[in-house]
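Engineer: Sending over a structure as structure tokens; questions will come in a sec.
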Amino acid sequence: MNILVLNGSPRPQGNTVKMVAAFRESAEKAGHIVNIVNVCRKNIKGCLACEYCHGKGQGQCVQKDDMQEVYGYLRDTDMLILASPIYYHGISGQLKCTIDRFYSALYPTAPVSLTKTAMFLSSGDPEMYEGAKFSYEGDFLGYLGLENMGMFTCAGDVKESVLEEIRKMAASL
Ligand SMILES: Cc1cc2nc3c(=O)[nH]c(=O)nc-3n(C[C@H](O)[C@H](O)[C@H](O)COP(=O)(O)O)c2cc1C
């Protein structure tokens, strides 16, 4: 399987990155191809709502920034993982900009290969996931109809038990 991970944390040694690393190790061991895009290190602008993609652009976004790399992966990915710290009750702004740009590639229809998804979230306090969960369930499970492979959360320093759950999920794919 081709798996695209969008990492929305700017912290190279942070909790989100540790969850992503655990996933990668286990998924690669199981024979999957894991592509990680650290969106905070990229130049990805917000959607302009110009509708070029749904008209003259025929599915192409008018903005030629680093989102082109993400579009390349999205075309033939089987699974999408959204990984982010919680900032003000939602995902990070950098990941939100990336998701908004899915408008050209995943709306009104998504690539046929894309069938599975999962979410990794890291927060300071527990029970801070409702905002991110709402959009994950509404947009990715509900609207796109992707199969939910789990929402994995850690409050504070990520525990080994959470990393182990992630490894198990990756090994089961
Ligand atoms: C701008 C900003 C906003 C934050 N907002 C919240 C919040 O609303 N709720 C919360 O529990 N933690 C909040 N945090 C804390 C982070 O979610 C937490 O430190 C998380 O573990 C960081 O993930 P990382 O280690 O993967 O970067 C915020 C941190 C930052 C920098």
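The values are calculated or read from the model by the stated rules, or taken from the named source; none is laboratory data. As the structure is a computational prediction, the values presented were derived from the model and not from experiment. Neighbour counts are summed over all protein chains in view; Cβ atoms, including those assigned to glycine, are modelled from backbone coordinates with ideal geometry.
Engineer: Every residue in the range 99-136 that is in a helix (DSSP H, G or I) and either within 23 Å of residue 69 (Cβ to Cβ) or not charged (D, E, K, R) (or both), please.
Structural biologist: Correct list: 99, 100, 101, 102, 103, 104, 131, 132, 134, 135, 136.
Engineer: If you don't mind, there's one more thing I want to ask. In this structure, does residue 5 turn out to be in contact (Cβ under 8 Å) with a residue 40 or more places away in the chain and either away from the ligand (no atom under 16 Å from the Cβ) or in contact with a Lys or Arg (Cβ under 8 Å, 6 or more places away or on another chain) (or both)?
Structural biologist: Yes: the conditions hold for residue 5.
Engineer: I've got another one for you. Check whether at least one residue in the range 119-131 is touching a residue at least 60 places away in the same chain (Cβ under 8 Å) and among the polar types (S, T, N, Q), and report yes or no.
Structural biologist: Yes, the range 119-131 has at least one match.
Engineer: Of all the residues that make up the range 137-159, how many are small (Gly, Ala, Ser), in a helix (DSSP H, G or I) and more than 15 Å from the chain's Cα centre (by Cα)?
Structural biologist: The qualifying residues number 1.
Engineer: Taking only the range 106-125 into account, find how many residues are modelled with pLDDT of 95 or more and more than 14 Å from the chain's Cα centre (by Cα).
Structural biologist: So the count comes out to 4.
Engineer: So if I check each of 41, 24, 101, which one is within 14 Å of the chain's Cα centre (by Cα), charged (D, E, K, R) and within 16 Å of the ligand (Cβ to nearest atom)?
Structural biologist: None of the others qualify; the one that does is 24.
Engineer: While we're looking at this one, here's another question. Are any residues in the range 53-73 free of Cβ contacts under 8 Å to residues at least 12 places away in the same chain and assigned to a helix (DSSP H, G or I), and if so, which ones?
Structural biologist: 68, 72
Engineer: Moving to a separate point now. Name the residue that is nearest to the chain's Cα centre (by Cα), counting only residues in the range 67-83 that are farther than 14 Å from residue 106 by Cα and hydrophobic (A, V, I, L, M, F, W, C).
Structural biologist: My answer is 82.
Engineer: I'm checking my understanding of the structure. Among residues of the range 118-149 that are among the acidic types (Asp, Glu) and within 25 Å of residue 27 (Cβ to Cβ), which one is surrounded by the most Cβ atoms within 10 Å (Cβ to Cβ)?
Structural biologist: Among residues in the range 118-149 that are among the acidic types (Asp, Glu) and within 25 Å of residue 27 (Cβ to Cβ), the one surrounded by the most Cβ atoms within 10 Å (Cβ to Cβ) is 139.
Engineer: Condition first: part of a helix (DSSP H, G or I) and either more than 13 Å from the ligand (Cβ to nearest atom) or out of contact with any strand residue (DSSP E or B) (no Cβ under 9 Å at 6 or more places or on another chain) (or both). Can you find one or more residues in the range 74-88 that meet it?
Structural biologist: Yes, the range 74-88 has at least one match.
Engineer: Let me ask you something else. Give the residue that is farthest from residue 70 (Cα to Cα), with candidates limited to residues of the range 10-45 that are in a loop (DSSP other than H, G, I, E, B) and in contact with a Cys (Cβ under 7 Å, 6 or more places away or on another chain).
Structural biologist: 10
Engineer: So residue 156 passes all but one of these: (1) at negative phi; (2) within 13 Å of the ligand (Cβ to nearest atom). Which condition number does it fail?
Structural biologist: (1)
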